[in-house]
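Chemist: Structure below; questions to follow.
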Amino acid sequence: MIPVLMYHSIHARPPAGTADLAVHPEAFADQMALLAERGFTPVPFSALDTPARKPIVITFDDGYADFHDHALPVLAGRGFPATVFVTTGWLADAGADAAGRPLDRMLSWGQVREAAASGIEIGGHSHSHPQLDQLRDAALREELTRSKGLLEDRLGREVATLAYPYGYSSARVRRAARRAGYTAACAVANALAGARRDPLAVPRLTVRATTSPETFARVVEGRSVTRTYLRDRMLTKGYAVVRRSRYAAGRVTSR
């Protein structure tokens with residue numbers, strides 16, 4: 001069972017839109033120090049199955065500029081790899097490719113390349129950050145392939161990992177991701193990644209503003225994970241039913 005951590009923003013004074021999931025830079029540095037002290041071996045998301053002593057995966061969604069400001073120096077200082085899932089249409093210099101509404105300052109293409117050159121794995125996070133499971137097939141395919149194509153063109157390397165925006169997916173979305181060329185993808189689920197997991201629905205553990213040092217230490221060691229995230233998991237299951245019904249209703253009314 002492997003912990004896959006999900007971060008978003010590393011920010012001392014985040015805007016309201018990211019505040020719940022923004023971790024203070026000092027707290028982030030302390031969390032990375034704890035991983036080092038307890039003998040964890042961070043690996044990129046694509047190397048989840050690589051044999052390692054106490055493997056752990058550190059991921060970041062969206063591609064906020066504060067990753068470059070605060071997270072990258074800490075990771076580089078410890079020699080820790082990580083994976084950043086980038087929303088391509090949100091990037092600061094997306095230009096004609098701009099799409100969606102970013103919630104805070106975003107990375108630039110130059111910073112994405114710098115992170116990749118520093119050993120950070122770059123993955124896809126869609127192009128405009130929509131709820132993928134609510135899109136029709138053509139729009140879904142465009143979100144997945146456009147993001148992947150832009151990243152590969154700008155980085156000059158294959159991009160085969162993905163994180164679903166909001167953590168929302170479905171069997172249809174996962175099939176589309178596979179057809180688009182992704183071989184591994186993250187959900188949320190707030191559980192440890194087991195050996196028999198679906199490679200296109202790997203669960204992660206949410207790290208948020210309110211995650212205490214004690215809670216962080218407990219969940220990375222795999223203790224009381226279900227109890228810690230019980231409310232999150234109940235809400236996720238309930239909302240999944242709502243989302244399936246909403247999509248089915250949309251299909252009927254659009255005919």
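The values are calculated or read from the model by the stated rules, or taken from the named source; none is laboratory data. Computed from a predicted structure; not experimentally measured. Glycine also receives a Cβ, built like all others from the backbone with ideal geometry; neighbour counts cover every protein chain displayed. What goes into the accessible areas is simple: the full protein's heavy atoms, side chains included, and nothing from ligands, DNA or RNA. Shrake-Rupley method; radii C 1.70, N 1.55, O 1.52, S 1.80 Å.
Chemist: Using alpha-carbon pairs under 8 Å, 6+ residues apart, how would you state the relative contact order of the chain in percent?
Modeler: So the answer I get is 19 percent.
Chemist: Would you mind checking which residues have amide H under 5 Å from Val188's amide H? H placed 1.01 Å from N; only 5 or more apart, or other chain.
Modeler: Under 5 Å from the amide H of Val188 lie the amide H atoms of Arg204, each far enough along the sequence or on another chain.
Chemist: Could you tell me what percent of the accessible area of the chain is made up of carbon and sulfur, with a 1.4 Å probe and every protein chain present?
Modeler: It is 52 percent, rounded to a whole number.
Chemist: Shifting gears a bit: Please state the relative contact order of the stretch 128-234 as a whole percent: Cα pairs under 8 Å, 6+ residues apart?
Modeler: Normalised by residue count, the contact order of the stretch 128-234 is 21 percent.
Chemist: Using r as the Cβ-Cβ distance of Asp232 and Arg175, and R0 as 30 Å, what FRET efficiency do you calculate, to the nearest 0.05?
Modeler: 0.70
Chemist: Place the peptides 139-151, 211-223, 118-130 in order of packing, highest mean first, counting for every residue the other Cβ atoms within 10 Å and averaging per peptide.
Modeler: Output ranking for 139-151, 211-223, 118-130: 118-130, 139-151, 211-223.
Chemist: Take the Cα atoms of the stretch 13-132, find their three principal axes, and give me the spread along each one in whole Å, biggest first.
Modeler: 44, 31, 27
Chemist: Related question: Counting DSSP beta bridges with both partners in the chain, what percentage is antiparallel, nearest 5?
Modeler: Around 10 percent antiparallel, to the nearest 5.
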